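Written below as structure tokens is the structure these notes are about.
The values are calculated or read from the model by the stated rules, or taken from the named source; none is laboratory data. On a predicted model such as this, the values are computed, not experimentally measured, just so you know. When we count neighbours, we look across all protein chains shown, and the Cβ atoms used for this are built from the backbone with ideal geometry, even at glycine. Protein only, heavy atoms only, side chains kept; ligands, DNA and RNA dropped before computing areas. Shrake-Rupley method; radii C 1.70, N 1.55, O 1.52, S 1.80 Å.
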Amino acid sequence: MVRLLILLAVLFGAATVAAFLADNPGTITYRWGETAGTLSTTEAAALALGAAVALLLMAEVAKAMWRLPRTIRRRRDNARAARTARALSAGVLAIGTGHARAASRAAADALAAAPAEPLAHFVAAQAAQLSGDSAAARQHFLALAEVPETRALGLRGLTVEAERAGDLAAMRTLAADALAHDPALHWAAETSFTAAAAAGDFPAALAQLETNHRNKLVDRAAHRRLRAVLLTAEAMTLPRAEAARSLALEAHNLAKDFVPAALIAASAVATKNRRQAASILIETYRLSPHPDVFRAALDLEAGPAGERLKRARTFAGARPEHIESALGLARAALSAREPELARETIAPHLAGATQRVCILMAELEALAPGDEGRVRDWLARAVRAPKDPVWFADGVTAKAWAPVSPVTGRLDAFVWRVPPTLGEPPVPAVDFPAPLAQPPAQPSLDDQNADDTQRMIPGPSVPLT
């Protein structure tokens, strides 16, 4: 619009000058060397206008010639950018659809068009991962990590590759580097925590958990649970009960339904304060009935079988409806030579008898003379009976709780549950080394069926006095 106004103003000025010259004719005499002549004012004005137009045209031509290399370069760059965009778009679509070969071709085209383009390296790394070429993926992620703007992206890709290779040390190093670059990176904080826990470095995992909690990357409930698990894991590695006492007590206070913490805490305080140990065990048993907790409560004090039976009655009263209470009380009655009480206690649970119930009934029938057929019948039922709960994580059963999964290294993976039923893939059993040396247990009838229940810690859960 401005240019149009300027053009109209110029035309108006030229018309005004032409009209003035037409109304006021005159002549101009000129001499150029030995040549002389005259021009009318109209002719002189026309020559001046033509000269001005010629100068303008020459200036435009000169400007175009000056800008020609830059124009050629810009057009070439635009064409390259268009090719790169098409290649990146094709690569992203191929990666999204899982077409490894097409993704690799598109990544190669993008790198050929723009070798320094970060997105080209990212698409190439993704294509390499899709093709299973870990070395190429690491090379492209390293290229991304060398650029400040894409350093976090490159470090994350390298961390993923280290995780796939099972290199916990590299995962921790890369996560620490990423956190130093940006402390708010959630994935780096989570990786640093999980890698430390999987490597068994529980103090480092605790420190990272607290940092994550301060940065509001972990909610309060998850923080309390994970801290309890880590404190329990660290307490299990300590050789003396005195050293583990404070850790186990804090873990129990954070998660009162957490059976491993309660067992270690009770074991640590039992020698000095049996009442506190009993309070810890019964508090956890009310929330999470577990055979190890029941057994630990009976083992708090040494004494005759009758005294153990009295303690069993009291402890079973905390959860009288639960099958673990019935099994624990029936075992104590059997040890006290009171089979009728054991039968009466276990009778309400015979309708859906589990393997442990069937084995207990077989032991009771074996005490009655001439009932070998019933013994065999109960043992046969035990083979087909529903399974009892065990420590289970990632398709693996274990005879004792462990802080991390032996399959994935995941923290707090083991749960007390019934394993897969018949028809599902078999679940391997894994024995973990005992974390603490335990004194030999006093012989009792309970020990004859020790394999029927899953023990939290090999040997007595608390020391006998």
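Can you tell me which residue within the stretch 36-46, out of those that are open to solvent by less than 80 Å² (accessible area, probe 1.4 Å) and not hydrophobic (A, V, I, L, M, F, W, C), is farthest from the chain's Cα centre (by Cα)?
Looking only at the stretch 36-46, we keep the residues that are open to solvent by less than 80 Å² (accessible area, probe 1.4 Å), and these are 36-37, 39-41, 44-46.
Of the ones still in play, those that are also not hydrophobic (A, V, I, L, M, F, W, C) are 37, 40-41.
Details: Gly37: 97, Ser40: 93, Thr41: 90 Å.
Among residues in the stretch 36-46 that are open to solvent by less than 80 Å² (accessible area, probe 1.4 Å) and not hydrophobic (A, V, I, L, M, F, W, C), the one farthest from the chain's Cα centre (by Cα) is Gly37.
Out of everything in the stretch 161-176 that is without any contact (Cβ under 8 Å) to a residue 24 or more places away in the chain and either under 16 Å from Ala143 (Cβ atoms) or hydroxyl-bearing (Ser, Thr, Tyr) (or both), what residue ends up being most open to solvent (accessible area, probe 1.4 Å)?
Out of the qualifying residues, it is Thr173.
One residue is enough: does the stretch 157-168 have a residue meeting the conditions outside any helix (DSSP H, G or I) and within 22 Å of Thr408 (Cβ to Cβ)?
From the stretch 157-168, those outside any helix (DSSP H, G or I) are 166-167; that's our starting set.
Those still in the list that are within 22 Å of Thr408 (Cβ to Cβ) too: 166-167.
Yes, there is a match, as at least one residue in the stretch 157-168 is outside any helix (DSSP H, G or I) and within 22 Å of Thr408 (Cβ to Cβ).
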* Looking at Val293, is it among the hydrophobic types (A, V, I, L, M, F, W, C), under 19 Å from Pro320 (Cβ atoms) and open to solvent by less than 10 Å² (accessible area, probe 1.4 Å)? -> yes
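Need at least 1 residues that are of a type in the set (A, V, I, L, M, F, W, C), free of Cβ contacts under 8 Å to residues at least 12 places away in the same chain and open to solvent by 10 Å² or more (accessible area, probe 1.4 Å) per element, so show me which helices (runs of 4 or more DSSP H) inside the stretch 185-272 make the cut, counting only ones lying wholly within it. Full working, then the answer.
On the way: elements: 186-198, 202-214, 220-237, 241-254, 259-269.
The qualifying helices (runs of 4 or more DSSP H) are 202-214, 220-237, 241-254.
What residue, of Glu117, Glu146, Glu60, is of a type in the set (Asp, Glu) and touching a Ser or Thr at 6+ places or on another chain (Cβ under 8 Å)? Quick ask: steps written out before the conclusion?
On the way: Glu146 fails: touching a Ser or Thr at 6+ places or on another chain (Cβ under 8 Å); Glu60 fails: touching a Ser or Thr at 6+ places or on another chain (Cβ under 8 Å).
Of the residues listed, the single one that is of a type in the set (Asp, Glu) and touching a Ser or Thr at 6+ places or on another chain (Cβ under 8 Å) is Glu117.
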* Asked: Failed condition for Ala204, given (1) in contact with a helix residue (DSSP H, G or I) (Cβ under 8 Å, 6 or more places away or on another chain); (2) at positive phi; (3) of a type outside the set (Phe, Trp, Tyr), with all others met?
  -> (2)
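One line per residue, one yes/no per condition, for (1) among the basic types (Lys, Arg); (2) closer than 15 Å to Ala137 by Cα:
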{"site": "Ala81", "(1), (2)": "no, no"}
{"site": "Arg86", "(1), (2)": "yes, no"}
{"site": "Gly96", "(1), (2)": "no, no"}
{"site": "His99", "(1), (2)": "no, no"}
{"site": "Ala102", "(1), (2)": "no, no"}
{"site": "Ala112", "(1), (2)": "no, no"}
{"site": "Ala116", "(1), (2)": "no, no"}
{"site": "Ala120", "(1), (2)": "no, yes"}
{"site": "Val123", "(1), (2)": "no, yes"}
* Asked: Is there a residue being among the charged types (D, E, K, R) and over 28 Å from the mean Cα position of the chain (by Cα) anywhere in the stretch 210-222?
  -> no
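Mind checking which residues of the stretch 53-94 are closer than 26 Å to Ala127 by Cβ and without any contact (Cβ under 8 Å) to a residue 24 or more places away in the chain? Walk me through how you get there before you give the answer.
Residues of the stretch 53-94 that are closer than 26 Å to Ala127 by Cβ, as a first pass: 77-94.
Once the filter is applied, which keeps residues that are closer than 26 Å to Ala127 by Cβ and without any contact (Cβ under 8 Å) to a residue 24 or more places away in the chain, the stretch 53-94 yields Asp77, Asn78, Ala79, Ala82, Ala85, Arg86, Ser89, Ala90, Leu93.
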* Structure fact -> Log entry, pairs with first residue in the stretch 27-48 being without any contact (Cβ under 8 Å) to a residue 24 or more places away in the chain, second being open to solvent by 70 Å² or more (accessible area, probe 1.4 Å) and part of a helix (DSSP H, G or I), beta carbons closer than 8 Å, six or more apart or on different chains, reads Leu39/Leu47
* **Within the stretch 130-142, considering residues that are without any contact (Cβ under 8 Å) to a residue 24 or more places away in the chain and in a helix (DSSP H, G or I), the one least open to solvent (accessible area, probe 1.4 Å)** => Phe141
* Test Ala302 against the stated conditions and say whether it is closer than 27 Å to Cys358 by Cβ and either more than 29 Å from the chain's Cα centre (by Cα) or free of Cβ contacts under 8 Å to residues at least 24 places away in the same chain (or both). => no
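Yes/no per residue for (1) among the hydrophobic types (A, V, I, L, M, F, W, C); (2) more than 18 Å from Ala235 (Cβ to Cβ):
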{"site": "Ile264", "(1), (2)": "yes, no"}
{"site": "Ser267", "(1), (2)": "no, no"}
{"site": "Lys272", "(1), (2)": "no, no"}
{"site": "Arg275", "(1), (2)": "no, yes"}
{"site": "Ala296", "(1), (2)": "yes, no"}
{"site": "Ala318", "(1), (2)": "yes, yes"}
